[in-house]
Amino acid sequence: MSEFRFIIFVVIVITTVADCHKWPPKNKVLHIGGIFPINGTEGWQGGMACQPSAMMALEDVNSRFDLLPGYKLKLHWNDSECEPGLGALVMYDLLYKPPQKLMLLAGCSTVCTTVAEAAKMWNLVVLSYGASSPALSNRQRFPTLFRTHPSATVHNPTRVKILQNFGWSRIAILQQAEEVFISTVEDLETRCRESGIEIVTRQSFLNDPSESVRNLRRQDARIIVGLFYVVAARRVLCEMYKQGLYGSSYVWFFIGWYEDNWYEANLAQEKIECTREQMKEAAEGHLTTEALNWNQDNQRTISGMTVEDYRKRLNAELLKNGHDVTVRFPDGYQEAPLAYDAVWAVALALNRTMHRLAERGRSLDDFTYNDAVSAGEIYSAMNATQFLGVSGTVAFSSKGDRIAWTLIEQMINGQYNKVGYYDTQTDNLTWLAEARWIAGKIPQDRTIIIDKLRTVSFGLFVTMSLVSSVGIAAAIGLIIFNLVYREQKLIELSQPACNNVMLVGIVLLLSSVILLGMDGDSVPVVHFPIVCQLRAWLLCLGFTLAFGAMFSKVWRVHRQSTKSKEETSKMKEKKSRTQSAKSKVDWVLVGLGFIDVLILTIWAIVDPQIRTLENFQLENPTDTEEDIKIRPSMEHCESKHQNIWLGVVYGYKGLLLIFGLFLAYETRSMKVRSINDSRYVGMSIYNVVVLCLITAPVSLVISSQADASFAFVTAALAFCCFISMALIFVPKVVEVVRNPDRPGDGDDETDQTVSKEEEERYRKLQQENEQLQQLIASREHKLKLLNQRLLERNASVNVNGVTPSPIVSTANNTTVSTPPMSGSTRTTTIHLPPAKKNSEVRFSTSSMEMLPNKTRVGVGIMKIHCTETIVTDTASSATPTTLVFNEQVVDGSGDDQEEYEEECVAGVELIEKITDSPMFQRGGAARSPEESYL
Ligand code: ABU
């Protein structure tokens, strides 16, 4: 019996002890508010799993009588859809609808930002189970916020560690335009900068990532950190597939808190235009980093459950809520332990606060939104909270952040494989498995670019250098030739000094061929500007000397052939004084050279040319499969204001070319005794102008092709020089070789080309001359007969006492008149004294029958071609004839004295009928036949 009593006693004791655990009864309620994102279409809808998890925690907390004794915790919650506006509305509902709330739970960064910023006004502590935004770590802005969810910045040290591990130093970032990601990227940028990792581009998008992905491609991004919510992640993945930004050459870093099969979920609802297979293909190989939200040890946690116990309970709870976790985990499954631990943290903090307030004689029941004292106690209690939860050790940093490890995973065959852990606090990266790469090797962080300088090929350079050397040798030879034969009239009359200047110019131009072929392979980069300067000087001065010498010649020919008579005589006078000086100084050339030197000097000082590289489109190498591209580039000599300088030089040279061309055309059939090769010089000018007009634009078009450009420019240069030398010097050399001992004869030996007009004119003159000679002969014969008859008659008259008529002779400005003779024909013969070639005689006559073959007009100009001109008038003996020679005009077309010494050719040419000629009348030298009749 006593044994029975003992057993009863033990049972009563055990029962009493057990009942003490549940004492006192929880008949008062503490209210907390909860905001869960569940049914939204964008952002994080982690409330799906977090809300049931929080309810589980609430149940567990309330079942503990040692926690919040006498109080039950009650959670009032609503859905924010991860929309900040809706989140704010839910918060106001919770605050203003009784009962009074002691704390708030919130998830989703965008909503948390709104809630936590406002909550301080109501002296409310907010605990976030699902907000990763680094911006939330700002204690000034969010003074009452705590979170069991780690800040997204915990991923960044991990990312940097992985980048360094694989040797990637060039990354790109693609982010959704949300504060959570913006602040994460800012932190990542800082860390990358500190670690020497270049961020090649940072692309952000609101909803449609297509343009951003395209930009990544343009920037040759290979290692890309993507920061976006899961809905946007699916869009990005599809775009990656479409634009080919996946596979062996790319590595993507995604956020690790998406559910495992996120890439194939909701494709139809979200109108993703990629199939599951395509999404899976694009997702293959990507890496994720995520904070460890699930305790890694299977030890018992504060609730008495292990993580496995918790998982089973949660799965069962989710199944009850309609989520078949065997098919797909609901959003927020990863963060569910954080929500569970958040409720425990609230309970523990309130429990501690309750005791602290009790010491002050206060109670949690008295809390109002104005109660800063109680709020301060709750804040302090939360700050001190530390326990082992299902998410690991829960503790809060001074910024309210959770401290956690990060997990690195890689998607292989559509499944996430754990590859490592990183502990930020100890900087310890632990690899669980090797990362696997599609191509079997670590992808490159960029395309390997091999620079290739486009240079002139060696064969071409040698060929053109040889050609130009031959030209230089020829030019030097011709200079020597000019000097050796300078005494010969032929050379003397070709302005040898001018020709030598031209040859020096040609030497300079041909020397520039060698400089044009030099490039970075043959000249050190530091010395390249010298090559640039030399090129400019040789080309400019060479052109000016060579072309300027030709220009100077045609300029003088033109000037001499267009001078008026008075100018001629004045010039003659002046020239005789300065002749010796002028033969030495060619002011045209000096002037052109001076302008060149001036421009080049200012250019070199103010804005010197330097070596620049023109890069061309990347090319694929033909001999390798590697991820390599060839970047062709070409060297140029450029100043800052290159176009201005080129404009000045081309403008000046262009004007010279145009003016030279004009002069060459104008003087094409002019001959000046003192410049016997002007016609060839003119032809050279045509040649230079045409080649310059072709070469300048063509060389601009092909400037990006080193060989073509060099070949074209240097060939044109050499061609110009060779043609000019050949045209101007070959006839001279030939003539000198033929007649080496003829020092004095230089009469137009080299310029024997006669124009067609001249040939025609010469032929006509010859014909006319022959006719006139025949006429003169017949008239002389007649005259002879008549004189004979006259003598005979005079003899008979003498016999009868009559005086004979005189025989007429003429002179310049002579009026000849013979009295009418009735019934017979009278002949007037005029002998003109020797006249200069091409001189003109103006005459008038009253006889209509004078110069019967042509000049049956009263007034005209005769061009005298001979030493003696005979004008025969066979007027009717009945008509009185008056022949008046008004003046003799000497038309010397050249300035030089030598021209006046030329011999006259036989013949008379009537060049103008000037009866009505204003010129003739203006001169006032002619008189009408009546006036002339004396
Ligand atoms: N792990 C989910 C975080 C969601 C958010 O920060 O909005």
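The values are calculated or read from the model by the stated rules, or taken from the named source; none is laboratory data. As the structure is a prediction and not an experimental result, all values here were calculated from the model. In this analysis, Cβ positions are derived from the backbone assuming ideal geometry, glycine residues included, and neighbour counts consider all displayed protein chains.
For the reader, a short list of remarks on this structure follows.
- Residues of the range 598-639 that are within 26 Å of S522 (Cα to Cα), of a type outside the set (D, E, K, R), surrounded by 12 or more Cβ atoms within 10 Å (Cβ to Cβ) and out of contact with any strand residue (DSSP E or B) (no Cβ under 6 Å at 6 or more places or on another chain): L600, W603, A604, P608, I610, C637, S639.
- Looking only at the range 500-530, residues that are farther than 29 Å from S684 by Cβ and assigned to a helix (DSSP H, G or I) come to 6 in all.
- Where S704 falls short, out of the listed (1) free of Cβ contacts under 8 Å to residues at least 24 places away in the same chain; (2) assigned to a loop (DSSP other than H, G, I, E, B): (1)
- Count - residues of the range 160-175 that are crowded, with 21+ Cβ neighbours inside 10 Å, among the polar types (S, T, N, Q) and over 33 Å from the mean Cα position of the chain (by Cα): 0
- Matching residues, the range 494-517, being crowded, with 23+ Cβ neighbours inside 10 Å and over 46 Å from the mean Cα position of the chain (by Cα): S494, Q495
- Count of residues meeting criterion [surrounded by fewer than 20 Cβ atoms within 10 Å (Cβ to Cβ) and within 12 Å of the ligand (Cβ to nearest atom)] in the range 245-259: 1
- Sole residue being touching a Pro at 6+ places or on another chain (Cβ under 9 Å), modelled with pLDDT of 95 or more and buried (at least 23 other Cβ atoms within 10 Å of the Cβ), chosen from S80, S151, S128, S132: S80
- Lone qualifier among G400, G389, G322 - being surrounded by 20 or more Cβ atoms within 10 Å (Cβ to Cβ), small (G, A, S) and at pLDDT 90 or above: G389
- Hits in the range 433-455 - residues which are part of a loop (DSSP other than H, G, I, E, B), surrounded by 11 or more Cβ atoms within 10 Å (Cβ to Cβ) and out of contact with any Phe, Trp or Tyr (no Cβ under 7 Å at 6 or more places or on another chain): A433, A435, R436, W437, I438, A439, Q444, R446, T447, R454, T455
- Filtered residue count, the range 593-622, keeping only those that are touching a residue at least 40 places away in the same chain (Cβ under 8 Å) and of a type in the set (V, I, T): 4
- Residues that are within 16 Å of Y229 (Cα to Cα) and exposed (fewer than 14 other Cβ atoms within 10 Å of the Cβ) within the range 185-209 comprise L206, N207, D208, listed in sequence order.
- Checked against the criterion of being at positive phi and in contact with a Phe, Trp or Tyr (Cβ under 9 Å, 6 or more places away or on another chain), the range 75-96 contains one or more residues that satisfy it.
- Taken over the range 360-386, the residue count meeting the criterion of being modelled with pLDDT of 90 or more and among the charged types (D, E, K, R) is 2.
- Of the criteria (1) at pLDDT 95 or above; (2) surrounded by fewer than 23 Cβ atoms within 10 Å (Cβ to Cβ), which one G34 fails: (2)
- Within the range 46-78, considering residues that are closer than 21 Å to A316 by Cβ and among the polar types (S, T, N, Q), the one farthest from the ligand (Cβ to nearest atom): S63
- Of all residues in the range 219-231, those that are of a type in the set (F, W, Y) have Cβ atoms under 6 Å from Cβ atoms of residues that are within 16 Å of the ligand (Cβ to nearest atom) and part of a strand (DSSP E or B), 6 or more apart or on another chain, in F228/Q176.
- For E264, the test of being among the acidic types (D, E) and touching a helix residue (DSSP H, G or I) at 6+ places or on another chain (Cβ under 6 Å) is passed.
- Residues of the range 83-111 satisfying the condition of being hydrophobic (A, V, I, L, M, F, W, C), within 52 Å of the chain's Cα centre (by Cα) and surrounded by fewer than 18 Cβ atoms within 10 Å (Cβ to Cβ): none
- L663 vs. criteria in contact with a helix residue (DSSP H, G or I) (Cβ under 6 Å, 6 or more places away or on another chain), among the aliphatic types (A, V, I, L, M), modelled with pLDDT of 85 or more and within 29 Å of R486 (Cα to Cα): no
- The helices (runs of 4 or more DSSP H) falling completely within the range 261-371 that include 1 or more residues that are more than 16 Å from the ligand (Cβ to nearest atom), among the hydroxyl-bearing types (S, T, Y) and within 18 Å of V390 (Cβ to Cβ) map to 307-320.
- Filtered by the rule that a residue be more than 41 Å from the chain's Cα centre (by Cα), surrounded by fewer than 19 Cβ atoms within 10 Å (Cβ to Cβ) and under 20 Å from R222 (Cα atoms), the range 260-296 gives a lone residue, K280.
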